[in-house]
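This report concerns only the one structure given below.
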Amino acid sequence: MKTRILSFALRAAGATGVAFQEFARWMSPWGWSRRDLSPVLREMREEGLTELTENPAGEIIALRLTREGEREMASRATR
């Protein structure tokens, strides 16, 4: 269920994107912490599914789905 919630939230963020702080607030009721989200989102970036904006300290400040990410999240929703 946790991964389904993540997919849903990422679809909501979409290609327009969202501030990471806001995204983390969306996810916190479902058991996701900022620490949990960061490595998952970075892995997804490596897969070409997300684009992350980071500050000079390497903290994620914003995220958005790539076109490939949008297709992948949509396909996960139909499974």
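The values are calculated or read from the model by the stated rules, or taken from the named source; none is laboratory data. Keep in mind it's a predicted model, so treat the numbers as computed, not measured. Ideal geometry is used to build each Cβ from the backbone, glycine not excepted, and the neighbour counts take in all protein chains shown. Only protein heavy atoms, including side chains, enter the accessible area calculation; ligands, DNA and RNA are left aside. Shrake-Rupley method; radii C 1.70, N 1.55, O 1.52, S 1.80 Å.
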Here is a check on your reading of the model: is ALA57 open to solvent by less than 60 Å² (accessible area, probe 1.4 Å), over 20 Å from ALA77 (Cβ atoms) and either part of a helix (DSSP H, G or I) or of a type outside the set (Val, Ile, Thr) (or both)? no
Taking the stretch 5-54 and keeping residues in a helix (DSSP H, G or I), touching a residue at least 24 places away in the same chain (Cβ under 8 Å) and over 12 Å from the mean Cα position of the chain (by Cα) leaves TRP30
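Residue-by-condition table, conditions (1) open to solvent by less than 90 Å² (accessible area, probe 1.4 Å); (2) modelled with pLDDT under 95:
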{"site": "PHE8", "(1), (2)": "no, yes"}
{"site": "GLU22", "(1), (2)": "yes, no"}
{"site": "VAL40", "(1), (2)": "yes, no"}
{"site": "GLU43", "(1), (2)": "no, no"}
Does the stretch 52-65 hold any residues that are under 17 Å from PHE8 (Cα atoms) and charged (D, E, K, R), and which are they? ARG64
Which residues, counting only those in the stretch 60-79, are charged (D, E, K, R), assigned to a helix (DSSP H, G or I) and exposed (fewer than 12 other Cβ atoms within 10 Å of the Cβ)? ARG67
For the stretch 25-38, give me the residue count where each residue is open to solvent by less than 20 Å² (accessible area, probe 1.4 Å) and either touching a strand residue (DSSP E or B) at 6+ places or on another chain (Cβ under 9 Å) or among the charged types (D, E, K, R) (or both). 1
Within the stretch 7-56, how many residues are among the polar types (S, T, N, Q) and more than 15 Å from GLU70 (Cα to Cα)? 6
Does the stretch 70-79 contain at least one residue that is touching a Lys or Arg at 6+ places or on another chain (Cβ under 9 Å), of a type outside the set (A, V, I, L, M, F, W, C) and under 18 Å from ALA12 (Cα atoms)? yes
